[in-house]
Amino acid sequence: MAKRLVIANWKMNGDLALVRQTMESLRAEANVDVVVVPPAIYVAALSDASSAAFSTGLQNVSQFAAGAHTGDVSASMALDVGASWVLVGHSERRAEHGESDGMVLAKGEQALSAGLSVVICVGESLEEREAGNAESFVRSQVRAQAACLRQAGAIAIAYEPIWAIGSGISASSEQAVAMHKVIRETVREVAPAQADEVRILYGGSVNAENAAGLFEHPEIEGVLVGGASLDKAQFAAIIRAASAAAS
Ligand code: PGA
């Protein structure tokens, strides 16, 4: 199995003190790739010091290469300051900024062509799950990214059911594994050559207590951690759980 991928998504949280603390305290563990994704304004400071212990990434990137797009940050700028990953299509971006599947695709393509690795976020709402539409919804989100998935480059897909994000209610391992299988199948259908390269991650209320249980399943190839990534002890415990599961 490829190394597990553990990603910290700080969202709009953190400050220079947390940047410094992360630089000083985050330790590498065997068989785990760690990526820290702070707000864009802190990426340069964190990337400056990022070492073998972790890489850095952006929470979002422009769908354009350059030009008159006030407030946006391009993929090549992210690379320029030392970031190597970018998240696209997080449900908070889709909901708060009206990002469509088409915009998410354009962002992913910009990132890959600049040489960044990409995490494509997908996941259904509670309404869709309760209506029995979770699988078909997630399949269609993955299919919409087919052109990106067919490109060369490092791509991960994060399954983040919206009802599990920030709610303290993680999906069960069974729910996550079932959806990861659906995602793998869909990637195989739209991008067969890349299907085994794509790492499939789970996100939604991952914490120090539930991480080990999630990592018992080989289908869960990593996690995208929001709230718990702001707590250095919890985040370190999640990284250790990923490492222990690999050994
Ligand atoms: P959470 O967020 O861990 O706080 O639920 C996960 C995410 O949205 O990436």
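Please list, ordered by residue number, the helices (runs of 4 or more DSSP H) wholly in the stretch 163-247 having 1 or more residues that are more than 17 Å from R139 (Cα to Cα) and within 15 Å of the ligand (Cβ to nearest atom). Can you show your working first?
Numbers: elements: 173-190, 211-215, 232-246.
Qualifying helices (runs of 4 or more DSSP H): 211-215, 232-246.
Can you spot a residue in the stretch 158-172 that is under 19 Å from E221 (Cα atoms) and without any contact (Cβ under 8 Å) to a residue 12 or more places away in the chain? Talk me through it step by step, then tell me what you get.
So the first thing to find is which residues in the stretch 158-172 are under 19 Å from E221 (Cα atoms), and the list is 158-161, 164-165, 170-172.
Still in the list and also without any contact (Cβ under 8 Å) to a residue 12 or more places away in the chain: 172.
Checking the stretch 158-172: at least one residue is under 19 Å from E221 (Cα atoms) and without any contact (Cβ under 8 Å) to a residue 12 or more places away in the chain.
Scanning the stretch 47-72 for residues being among the hydrophobic types (A, V, I, L, M, F, W, C) and either open to solvent by 60 Å² or more (accessible area, probe 1.4 Å) or more than 18 Å from the chain's Cα centre (by Cα) (or both) gives a total of 6.
For the stretch 117-135, the condition holds for at least one residue, the condition being that it is part of a loop (DSSP other than H, G, I, E, B), in contact with a Ser or Thr (Cβ under 8 Å, 6 or more places away or on another chain) and open to solvent by less than 10 Å² (accessible area, probe 1.4 Å).
The values are calculated or read from the model by the stated rules, or taken from the named source; none is laboratory data. Because the structure is predicted, anything quoted here is derived from the model rather than measured. All Cβ positions, glycine included, derive from the backbone under ideal geometry; neighbour counts span all protein chains shown. The protein model used for the area step is the full one, side chains on, heavy atoms only, and it has no ligands, DNA or RNA in it. Shrake-Rupley method; radii C 1.70, N 1.55, O 1.52, S 1.80 Å.
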